[in-house]
1. Report every pair of residues separated by at least 6 positions or lying on different chains whose Cβ atoms are under 8 Å apart, first residue within segment 143-165 and farther than 13 Å from ALA243 by Cα, second of a type in the set (Val, Ile, Thr) and modelled with pLDDT of 95 or more.
2. If you take the residues in segment 33-68 that are among the charged types (D, E, K, R) and within 21 Å of PHE121 (Cβ to Cβ), which one is most open to solvent (accessible area, probe 1.4 Å)?
3. Return a yes/no flag: does segment 17-32 have any residue that is among the polar types (S, T, N, Q) and under 21 Å from ALA125 (Cβ atoms).
4. Any idea which of SER183, SER177, SER192 is within 31 Å of the chain's Cα centre (by Cα) and among the hydroxyl-bearing types (Ser, Thr, Tyr)?
5. Considering only segment 103-149, state which residues are of a type in the set (Ser, Thr, Tyr) and at pLDDT below 95.
6. Considering ILE180, ILE162, which residue is among the aliphatic types (A, V, I, L, M) and under 18 Å from MET93 (Cβ atoms)?
7. What tally of residues in segment 63-83 results from selecting those that are farther than 17 Å from LEU14 by Cβ and assigned to a loop (DSSP other than H, G, I, E, B)?
8. Enumerate the pairs (first residue in segment 71-94 and of a type in the set (Val, Ile, Thr); second residue anywhere and not in a helix (DSSP H, G or I)) with beta-carbon separation below 6 Å, excluding pairs fewer than 6 apart on the same chain, so at least 6 apart or on different chains.
Amino acid sequence: MPRPVTIKNGDVFLSYQNCEMLVIKYTDAFNVLIEFQDKHKHKMIVESSNLRKGSIKNPFYPSVYGIGYFGIGEFVSSLNGKPLIEYKVWSAMLQRCYDKKTQEKRPTYKDCVVCDEWHNFQNFAEWYTSQENYGKGYHLDKDLLVDENKVYSPNTCVLAPIEINSLLTDRQILRGSFPIGVSFHKRIKKFSASVSINGNATHLGYFETMEDAATAYQAAKKTNIKRMALEWQNRIDERLFNALMAKAA
């Protein structure tokens, strides 16, 4: 069997991820300094046999929904074979924004994006684990701080308990073309207003006009938001508390 051709500085190999690897310095068969030829220019020392086989993983290759990459840092994706919450939340966030099948089922996530910084799992995990309510089962939310927000980022996201997370989401089964919280009662020919409080629909009464019903809903909604904000004040991010109080004003 012929001996493999000697690897030289400047040689380029292709990895199994289709990433180009430039040989920077060949010391011996067990010490080959390479550089991935992408915008990150990550360098690492590899064995020549693995280099020839292409069995070298680029930590900056966007393997998660074509956008996310693992990066280099202290954070791991799993422990004892079980995915960690920060990795599951990061992956789910990318799925909502970049998986077409998910968006077909949940169209509200169309046009949503993740900021460049959070394409790197290490950056997201550092932010996520540094939040004061990390480990309490709170949900990652992008809408509570900024209305109609479409960008997941450190400045627009917050960890919120499910009670707060669902506070501004109204189930409008009978809404039709009416404003949120308003429906029309055909038998008595009046407009009905209702608001969700602690997950339960609370009837606010019947009104002669749609505008009066909508006004009643908005007033009750603000009262409920303020009540919840004060109830959770010492258990949520200060940014979230301030945002809720602003919505209740």
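The values are calculated or read from the model by the stated rules, or taken from the named source; none is laboratory data. Just so you know, these numbers come straight off a predicted model, no measurement behind them. Quick reminder, even Gly has a Cβ in these numbers, built from the backbone with ideal geometry, and neighbours come from all protein chains shown. What goes into the accessible areas is simple: the full protein's heavy atoms, side chains included, and nothing from ligands, DNA or RNA. Shrake-Rupley method; radii C 1.70, N 1.55, O 1.52, S 1.80 Å.
1. Within 8 Å, the pairs are ASN149/THR156; LYS150/VAL113; VAL151/VAL113; VAL151/VAL114; TYR152/VAL113; TYR152/VAL114; SER153/VAL114; PRO161/ILE236.
2. LYS39
3. no
4. From the options SER183, SER177, SER192, the qualifying one is SER177.
5. THR108, TYR109
6. Values: ILE180 fails: under 18 Å from MET93 (Cβ atoms).
Checking each option against the conditions leaves just ILE162.
7. Looking only at that region, the number is 13.
8. Filtered contacts from segment 71-94: ILE72/PRO59; VAL89/LEU140.
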